[in-house]
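The values are calculated or read from the model by the stated rules, or taken from the named source; none is laboratory data. Quantities reported herein were computed from a predicted structural model and do not represent experimental measurements. Backbone-built Cβ (ideal geometry, glycine too); neighbour counts: all protein chains shown.
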Amino acid sequence: MSKRNPSVAYIQKKPLGKRLLKFWPLYVMLVPCIIYYILFCYIPMGGIVLAFKDYSFKKGIYGSDWVGFRYFKTFFTSYDCGRLLRNTLTVGLIKCILEFPFAIILALMLNEIKSYRFKKISQTITYLPHFLSSVIIITMMQRILAPNNGVLNQVISAMGGDGSTFFLMKAKYFYQILFGMDIWKNIGWDSIMYLAAIAGIDPTLYEAAEIDGCNRLKRMRYITIPGIRGTIGLLFIMGVGGLLSSGFDQIFLLRTPGNMSVADTLDTFVVRVGLQNGQFGYATSIGLIQGIVGLILVVSANKICKRMTEVSLW
Amino acid sequence: MKSTVFKKAIALVAAMTLTMGALAGCGRGGSSGSSASTPASNATSQGGSAQTSTDGKPDTWIADRKVTIQAYVDDIGYALPEDTANNPVFQEIKKRTGIELEILYTPSDSDSKTLAAQLAAGTIPDMIVCYLNNSVRKEFPILYKAAKEGMFADVSEFMKNSKVYKKYMEPGYLPDDTYKNIVFREDFDGVYLMHLSIDAQDHSTEFDPNKDYVGGLMIQKKIADALGVDVKKVRTLDDFYNLLVAIKNGGFTDDNGNPVYPLGPKYWGGSVDTIDNICRPIDWGVSDGYNLDENGKVKHEIETEYAWKKVEFMRKLLAEGLMNPEFFTMDSTRSEEVSRNHNSAIMADCHNYVDLVYETNDWVPLGILNNIAGQQSKVTNGKSGYGCWAISAEAKNPEEIFKLFDYLASEEGQLLCEYGVEGLSYNMVDGKPVLTPEVQQHLDASDHEWLINNIGAGFGGAGCVFFDFMMTDVDPEVRFGESRPGSGTATVYENAVKLAKEYPVTYVLVKGLKASAFLNATEMADVKAQMSTLNYKETLVQATYADSEKEARKILDSFKKQLESAGLAQLEEYVQKVYDADHDAVQFYK
Amino acid sequence: MKTSHIKYSLSDRIVKWTIYTIVILICAAILLPCLNVLALSFNDGADAAKGGVYFWPRIFTLGNFKEVFKDGKIVSAYRISVARTVCGTLISLIVTSFAAYSLREKNLPGRAVITILITFTMLFSGGQIPTYIQYKNLGILNTFWVYILPGTVHVTYLIMMRAFFESLPESLVESAQIDGAGYFKIYRRIIIPLSKPVIAVVSLYTAVGHWNDWFAGAFYMNSSKLWPVQTVLQQMLQRAMAAQQEYTNVSQIVAHNASTVTSDSLKMAAVVITTVPILCVYPFIQKYFAQGAMLGAVKE
């Protein structure tokens, strides 16, 4: 992998026509993918015009009347727009930035485990929670976090503390709970991608390093991490794109009257005002805002990554 | 060498494209079960109706065709026969009317969301059925929009010649809200939405232990007996508070030996709605938060001292350990758990048709506390329905579809829908239907699968719910001598009925819609968009759990400001106007 | 694979034991709640509803599982789930790897534009209604293909695969080209055999995505005969929560009672039944992540 050396091949640029001709089999192989994106993404994407229209069932998407920026105006002038954006941003930062390194760390740790059986079992266990329905997870959360008889409070009172804190009702604990629950649920699952990347590293590098007397930490630092740098960069770039639209499910389940001041995000907002109220345009316009912010973030993250690690999406 | 590889690549890609094409093709072929079938069956139906005049057809014959119905009602969706073609009731309908019924259901995560999506995408079949208690339910704005934009067929002409639906036009037959806001709306140029399950007679203020349930607060019988409390006498907020204190001091324990909470959550899981049950005597905003102040002005409860009174009361319950701290938030699994192991001395809400209540005899209804006017009665708005149907504007020969449901709502049709086929599932004794022992046995054993697949009739909700749901002009006691099929002889809900007889509910009639319903008016569109994100009850709970009294007051103040900035004054003014014009239009009382 | 003749230093041992401890702790934190699900599923329903069942069933029974299977629905739903997972994953793998292989070529004219346009789809979508309309127009609504086609290419997997292909030694490709191999031959003979880890991980992610998806069944499919297991499970779990509806009369309550699964144990049994099959896939895929699986065979 480290032998990648793009400068050797095809340095000289040939005329476009010739290159098109030369690569035609590649274009043929690209065709199914392009058809897919046109049919399943780009055609429905035309529906974005609904953000500027008053949707009429009869007239359809393109025939409906224009309303200009009305929905955007309603949204940005509404009382809790500021709060919504702030909450969404906080949740997004937690999920896309703060949680990001944990899966990498787990993958690095699992990689250091030499007992094949232990490694296999622990990997399988860490990826279990990905399969649990959120309905079940919330019951578990409540059992752990309940005031008085919850597991956590019992531990606190056994250690001499006050065991009556109602964690789910207090806004100040909301982000911590969200963070913990998310890590618990996703760490194993997300680490698989990194494990696969680590598997792609040339083992001779480790052998050489070992002979040179490098210890574990050094090998991790100088071989493993640089080896998966590309994967980390790419996943990061794609992750930040979803900064404003992350995690409806868990938030919705953790929401209580006590923490709703911090738990209301754009996604939960859309659910309340969108489809069921027949405000199709309003919901679309909020999706558009999320997309535009995502685009800006992806482009900037891509630039930064390109400069720092030579990794780039395009 | 090179070219052969290229050929292989091309061949593979071509094969892929072909497969894709074939897949899509297959797909279209496969969909014949649903939407694609409609035009085809319509074609045959026209051929069929040409031959109707030939002999051998019963006089109930309508047309030889298929009618496809999309239901947006979960109870219908989960109670459909696996094989409608061989189901006795479906066969009987086909035999009598020539119409083959097909009922579709898309579970999704919420019925109203599916309704919105399918209407918006224009994928509805011949007819749709959905929940609609009144014009305030969340489905209504979507149905209204669809009707207004011509998605549904106008049935006003068919109504005039109908047997049952004709009654809808008689003054006073339909509830006001149904008449004015759903069926005969002034801003519609026809009749598009048909409200369902309207009672033939107005029984709304009478309590029938067979037909009505007893809900609200439920207390453990053991505890009530030990304290010597007459549950019927616990009516005011003070009574209620004193009872909770007495329970607390009584030292009762649950099945695991832990002390009970005097007040526990709803059986179905904590919810902010239960504020209504525990604070009813100080619930000033009876019209979904609104009421008239002493000067006759429309006000929201947050503008009065009652908002704070509620918060103060709930804070007191919490502080004194009288209420389970998770009262408002406990999830359904755990809530059921604390109810079943008797950890709650009082459940905030439950009813007599929950197995926990009718199977154990451990619980008795405390019912509802007095309302702000000092009345103990449950408020009813008069008769009402709970379903709605509409025929698609695209459906061929909508009159035939209309006729079918008109027939099913007639006495003969109702008998078929509720009791099934004579000889198979019931016999006529003295002019009244009596279920066969076999059916009665399955009914008592709650063997719904059997009832659905082997008979297919509604059986008062225990069988194929669709047929029960599509009823209207309902009057089972008069026509069939019992409130539900088999209810006269059923044993399964025997205890539930007994409990209802012991603890009857009284009703008080208050006409009109809740004030918040007027947000649906076109003038209020912007106010509605702003207000749809504000939740008063959640705010009350938030204030209840605030760390200090000061903070709690701050939360209420901030909510008041939000409501004002969302356009509270506009809504109040609008409701005031409506109320002044017609006192029966808005549900206010003191 | 590792030889232990090199002495581990003290620091290595500290690192090793720290890692073991942390991994064991993480596993415990994850395993305990999952054990609870298992215990409940094997416990008698009425007894479990009283609470207090933690990691071991109090009254052991297989009744919950029998009950779930008694309803023929789950078995046929299994068939659908397996079919969609296998078909969906295969089609996804073919289309995604083709595209990733083409985009691997740095000099391909239009490469950047195509990549950007593909990334775009990750950020913008027309929303549910236009998607629904498009499915209708394509004729895949209420057919099996609504499970397969819409998820064919996932942007993240495409990019990851492309990145992996790019990381393969260019010299291998060049020498093949000099030998006269065409693009497709290189794809088949060199790229794919060397990319087992990424193919394994993408198949796993895609397969699990297919298996876990309940929404397509619930939203785009109105024939219950074609529901996958997750849709059936989701219904079971959600029905109990839906009991909040306001009733006007007893018929409605009876109708609701009739179709609601009340026992928590039954729900947990259904969860176990729907989860176990896909869990079994992992160990088979895991071996492709073993370090050096890729280059061990092909030395430059």
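Some notes on this structure:
- For region C:231-259, filtered to residues that are polar (S, T, N, Q) and either modelled with pLDDT of 90 or more or in contact with a helix residue (DSSP H, G or I) (Cβ under 6 Å, 6 or more places away or on another chain) (or both), the residue that is nearest to C:S76 (Cα to Cα) is C:T231.
- Breaking point among (1) within 12 Å of chain C (Cβ to nearest Cβ); (2) over 30 Å from B:D64 (Cα atoms), for B:P141: (1)
- Filtered residue count, region B:415-441, keeping only those that are closer than 17 Å to B:R96 by Cα, outside any helix (DSSP H, G or I) and of a type in the set (D, E, K, R): 1
- When B:L513, B:L499, B:L509, B:L451 are screened for being crowded, with 22+ Cβ neighbours inside 10 Å, on the phi < 0 side of the Ramachandran plot and out of contact with any Phe, Trp or Tyr (no Cβ under 8 Å at 6 or more places or on another chain), only B:L513 passes.
- Exclusive hit being in contact (Cβ under 8 Å) with a residue 60 or more places away in the chain and crowded, with 21+ Cβ neighbours inside 10 Å, set B:R479, B:R484: B:R484
- Under the condition of being within 17 Å of A:P25 (Cβ to Cβ) and among the polar types (S, T, N, Q), the residues counted in region C:158-197 number 1.
- Taken residue by residue, region A:158-168 has no member that is in contact with a helix residue (DSSP H, G or I) (Cβ under 8 Å, 6 or more places away or on another chain), within 14 Å of chain C (Cβ to nearest Cβ) and closer than 28 Å to C:Q234 by Cβ.
- Only one of the numbered conditions (1) more than 8 Å from chain C (Cβ to nearest Cβ); (2) free of Cβ contacts under 8 Å to residues at least 60 places away in the same chain; (3) not in a loop (DSSP other than H, G, I, E, B) is violated by B:V492, and that is (3).
- Out of C:L168, C:L172, sole residue that is surrounded by 21 or more Cβ atoms within 10 Å (Cβ to Cβ) and either facing another protein chain (nearest Cβ under 9 Å) or farther than 30 Å from C:F124 by Cα (or both): C:L168
- One residue from A:K53, A:K58, A:K120, A:K95 being in contact with a strand residue (DSSP E or B) (Cβ under 6 Å, 6 or more places away or on another chain) and basic (K, R): A:K53
- Considering only residues in region A:199-226 that are facing chain C (nearest Cβ under 9 Å), part of a helix (DSSP H, G or I) and in contact with a Ser or Thr (Cβ under 8 Å, 6 or more places away or on another chain), the one that is surrounded by the fewest Cβ atoms within 10 Å (Cβ to Cβ) turns out to be A:L217.
- Output for region C:129-148, where each listed residue is facing chain A (nearest Cβ under 7 Å) and either under 23 Å from the mean Cα position of the chain (by Cα) or within 30 Å of A:S300 (Cα to Cα) (or both): C:P130, C:T131
- Residues that are assigned to a helix (DSSP H, G or I) and surrounded by 21 or more Cβ atoms within 10 Å (Cβ to Cβ) within region A:46-63 comprise A:G47, A:L50, A:A51, A:I61, listed in sequence order.
- Region C:180-218, residues that are outside any helix (DSSP H, G or I) and more than 14 Å from chain B (Cβ to nearest Cβ): C:S195
- Residue selected from region A:249-278 under the condition facing chain B (nearest Cβ under 7 Å) and under 18 Å from B:P141 (Cα atoms), by the criterion surrounded by the most Cβ atoms within 10 Å (Cβ to Cβ): A:G278
- Restricting A:T90, A:T124 to those that are among the polar types (S, T, N, Q), more than 10 Å from every other protein chain (Cβ to nearest Cβ) and closer than 29 Å to C:H154 by Cβ reduces the list to A:T90.
- Any chance B:V505 is among the aliphatic types (A, V, I, L, M), in contact with a Leu (Cβ under 9 Å, 6 or more places away or on another chain) and within 14 Å of chain C (Cβ to nearest Cβ): no
- Test for B:I391: is it surrounded by 22 or more Cβ atoms within 10 Å (Cβ to Cβ), β-branched (V, I, T) and part of a strand (DSSP E or B): yes
- Helices (runs of 4 or more DSSP H) completely within region A:83-170 that count 2 or more residues being surrounded by 21 or more Cβ atoms within 10 Å (Cβ to Cβ) and aliphatic (A, V, I, L, M): A:100-112, A:134-145
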